[in-house]
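To keep things clear, I will list the structure first and then write my remarks on it.
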Amino acid sequence: MELLRIGVSRNFRIYLNHSRQMHLLKDKAFVNNEWVSARSNAVFPVLNPADDSVITNVPDMDASDAKNAIQVAADTFKTWQDVTAKERSIILRRWYDLCEQNKDSLAEIITAESGKPLSEAAGEVTYGSSFLSWFSECARHLNGEVIPSPWPNKQIILTRQPLGVVSIITPWNFPFAMITRKVGALMAAGCTCVIKPSEDTPLTALAAVELAEKAGVPKGVINVVTCSRKNAPAVGSVLCEDNHVKCISFTGSTVVGKILYQQAAKGIKRVSLELGGNAPFIVFPSADIQNAVEQAMLAKFRNNGQACVGANRFFIHEDVYDKFIALFKEHISKGCVLGRGNQKGVSCGPLINNEQAKKVSGLVDDAVKKGARKIMGGEFDTTLGNKFYKSTILTDVTPEMNIFREEIFGPVAQIFKIKSEEEVVKLANDTNGGLAAYVFTKDLGQAFRMSRKLEFGMVAINDGILSTAEAAFGGIKESGIGREGSLHGAQEYTDIKYTLMSALDK
Ligand code: ADP
């Protein structure tokens, strides 16, 4: 800091900034507290989605590397399971502290490899770290039960036992929080793990475990196996099928979730699946429209629409339809600033990769071909690069268009005009997804009815953001199995053991 103030050259300042911020950048995988290469020595590049430049190369590990990491996690479980809940709690808390202290460095890495704006990346670190502090507290509250027995000389005791080795496969859209939400919970329960981060964003995972190691997480408790998309199926099947693995925790697409569920079934393994959503965002006439639009901005454009809880289908009552669209358009024009995530003032970054860019533009083009109307956006800003899609509003969408059923995962709001509560419940539930739903109304009875009738794991009334460490996050239908966050999130990684204490009268 002192150097900066007394006026060093610009290049040196950039160097100082770079080295200060990117000091958590790693180019090796992490097994048994060692930074390791793939056995084959293969590597793959991690790209910055803003311009496809290579940030660094990381090991392209294969099935044999995954097996080795699982063995390490299994050996470590033998001792880690006996570490007291109090000690595990203290370690998690130290990890939380270090993540908070290194927020800027973590955010810089998240922005570099995921493209999201720096302010959102810092927000993700705050959100992700909160799971570590929450589970640090939960660790000491995974209580058992003593149940009155039907026999005078026997006692029934239920205790919670850690499952063992957990395999974790994570996506690129929240590369930090999707790891802390799982690892915080499983560590609180006394499990060990092997993480396979997304090939698009392995650097955040490596930075996070660097801090875990500094926080005193014992060697072998957390292991990270990096691999390219090409090796993901082979590594994934070892992570699901190896005998040492007792649970697979996955966040990602429903397509891949189904593959992993089948593989886990072979060994009757516990699964925790957080898959795609197709969230309805419903606005009734009694709603505060200003609030509904402000929340719509968050529910739709956070992470540029690349979130499983992101609003996918807007259902606006005919009485407030024109007002909502006019206000939404105004907010998007002012609030959605497209550009590189590390540039000041940018609120929407590039889409993560070419496949995603093709998918988003393909869905819009299909809808327009079938009669949807573009109110704004609907194209790339090619002056910025090949993955910068403009914030888009589509109207006149029908359920026959692909965009109605598919998770868009991009900055596209499709808007339907609705006439009644009955009609919207039917339309909103007409999907295999069942993760989040958003409802705007001031009618209390309607709020309760909607919460009950909507077939989604989470319903937000008058809000566009509902995820927090304290609440149980998860879906129904094809959106997944299990809950993350809350005490339930830690309980997912335990089995209930029933011990019968008998002959107490002898
Ligand atoms: P997205 O479309 O958002 O990338 P995916 O479900 O394809 O979502 O990817 C989420 C995670 O699943 C990534 O870590 C990816 O490497 C991994 N993955 C993809 N295919 C497989 C597979 N067949 N087996 C195991 N993991 C996989």
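The values are calculated or read from the model by the stated rules, or taken from the named source; none is laboratory data. It should be emphasised that the depicted structure is a prediction, and the values quoted were computed from it without experimental measurement. Glycine also receives a Cβ, built like all others from the backbone with ideal geometry; neighbour counts cover every protein chain displayed. Heads up: the accessible areas ignore ligands, DNA and RNA and are worked out on the full protein's heavy atoms, side chains in. Shrake-Rupley method; radii C 1.70, N 1.55, O 1.52, S 1.80 Å.
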*Please give the length that would be gained between Arg405 and Asp365 if that part of the chain were fully extended, namely 0.36 nm times their separation in residues minus their C-alpha to C-alpha distance (nm, one decimal).*
12.9 nm
*Please work out the FRET efficiency for the pair Ile147 and His488, using the Cβ-Cβ distance as r and a Förster radius of 30 Å; give the result to the nearest 0.05.*
0.90
*Give me the accessible area per residue for the range 434-506, probe 1.4 Å, as a whole number in Å².*
48
_GluC sites (Glu not before Pro) lying in DSSP loop within the range 259-327, provided at most 13 other Cβ fall within 10 Å_ = Glu318
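If you roll a 1.4 angstrom probe over the protein chains with everything in place, what fraction of the accessible area of the chain belongs to carbon and sulfur, to the nearest %?
Carbon and sulfur: 52 percent of the exposed surface of the chain.
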_Cα→Cβ-extended label distance, 7 Å offset, between Asn386 and Glu423, nm_ = 4.3
*asked:* Using the Cα centre of the range 336-445 as the reference point, and only Cβ charges (+1 on K/R, -1 on D/E), how large is the resulting charge dipole? Debye, rounded to the nearest 20.
replied: 440
_Could you sort Leu504, Leu142, Leu92, Leu298 by their accessible area in this structure, using a 1.4 Å probe and putting the largest first?_
Leu504, Leu298, Leu142, Leu92
*Kirkwood hydrodynamic radius (Cα pairs, Å) of the range 279-468?*
16.5
*Whichever lysines have a C-alpha closer than 18 Å to that of Lys506, once near sequence neighbours (fewer than 8 apart) are set aside*: Lys154
*Would you work out if the range 17-106 is rounded, prolate or oblate? Take a ≥ b ≥ c from the square roots of the eigenvalues of the alpha-carbon gyration tensor; rounded if a/c is under 1.5, else prolate when a/b is larger than b/c, oblate otherwise.*
oblate
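Going by a ≥ b ≥ c, the root eigenvalues of the Cα gyration tensor, does the chain fall in the rounded group (a/c under 1.5), the prolate group (a/b larger than b/c) or the oblate group?
Values: a/c = 1.82, a/b = 1.20, b/c = 1.51.
Oblate.
Can you check what the net charge comes to around Ala121, using other residues whose Cβ is under 13 Å from the Cβ of Ala121 (Lys, Arg +1; Asp, Glu -1)?
Working: positive: Lys103, Lys116, Arg302, Arg340; negative: Asp104, Glu108, Glu113, Glu120, Glu124.
Net charge in that neighbourhood comes out at -1.
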*Label point 7 Å out from Lys453 along Cα-to-Cβ: which residues of the range 267-294 have amide N under 20 Å?*
278-288
_Computed accessible area, Tyr96, all protein chains, 1.4 angstrom probe, square angstrom_ = 50
*Could you give the radius of gyration (one decimal) and Dmax (whole number) of the Cα atoms in the range 204-301, in Å?*
19.5, 57
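In square angstrom, what is the accessible area per residue of the range 292-344 with a 1.4 angstrom probe?
Details: 2080 Å² over 53 residues.
Per-residue value: 39 Å².
Let me have the 222 nm mean residue ellipticity of the chain computed from DSSP H runs of 4+ only, each contributing -39500 (n - 2.57), with the sum over all residues rounded to the nearest 500. Present the calculation step by step, with values, prior to reporting the outcome.
On the way: 17 runs with 205 residues, N = 506.
Result for the chain: -12500 deg cm²/dmol, rounded to the nearest 500.
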*Using 1/(1 + (r/R0)^6) with R0 = 51 angstrom and r between the beta carbons of Lys323 and Ala265, what's the FRET efficiency to the nearest 0.05?*
0.55
*Which value, in debye to the nearest 20, describes the size of the charge dipole of the range 279-468 about its Cα centre when Lys and Arg Cβ atoms bear +1, Asp and Glu Cβ atoms bear -1, and nothing else is charged?*
460
*Of all trypsin sites (Lys or Arg not before Pro) in the range 229-295, which ones are in loop regions per DSSP and have a Cβ with at most 14 other Cβ atoms within 10 Å?*
Arg229, Lys230, Lys266
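List the residue ranges in the chain for DSSP H helices whose C-alpha atoms run 15 angstrom or more along the long axis and whose Kyte-Doolittle average is 1.0 or above.
Values: long enough: 10-21 (16 Å, -1.52); 63-80 (25 Å, -0.24); 85-101 (24 Å, -0.79); 103-114 (16 Å, -0.03); 118-138 (30 Å, 0.25); 177-189 (18 Å, 1.08); 202-214 (19 Å, 0.74); 254-265 (16 Å, 0.58); 289-301 (17 Å, 0.36); 321-335 (20 Å, -0.28); 354-369 (22 Å, -0.65).
Span-like helices in the chain: 177-189.
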*Only Lys, Arg (+1) and Asp, Glu (-1) charged, at Cβ; the range 387-469 dipole about Cα centre in debye*: 180
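What shape does the range 261-365 have by the C-alpha gyration tensor, where a ≥ b ≥ c are the square roots of the eigenvalues, rounded means a/c under 1.5, and otherwise prolate means a/b greater than b/c and oblate the rest?
Details: a/c = 2.42, a/b = 1.44, b/c = 1.68.
Note, shape of the range 261-365 comes out oblate.
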_Could you report the accessible area of Phe380 in Å², rounded to 10, computed with a 1.4 Å probe on the protein chains as they sit in the structure?_
60
*Pair Asn354, Ile157: separation of 7 Å Cα→Cβ label points (nm)*: 6.1
*Kirkwood hydrodynamic radius (Cα pairs, Å) of the range 25-66?*
11.0
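Probe of 1.4 angstrom, ligands and nucleic acids ignored: what's the accessible area per residue over the range 165-227, in square angstrom?
Details: 690 Å² over 63 residues.
Dividing the accessible area of the range 165-227 by its residue count gives 11 Å².
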*With θ set to phi - 60° and the Karplus curve 6.51 cos²θ - 1.76 cosθ + 1.60, what are the ³J(HN,Hα) couplings of the range 44-54 in order, to the nearest whole Hz, using x for Gly and Pro?*
9, x, 9, 9, 7, x, 5, 9, 6, 6, 7
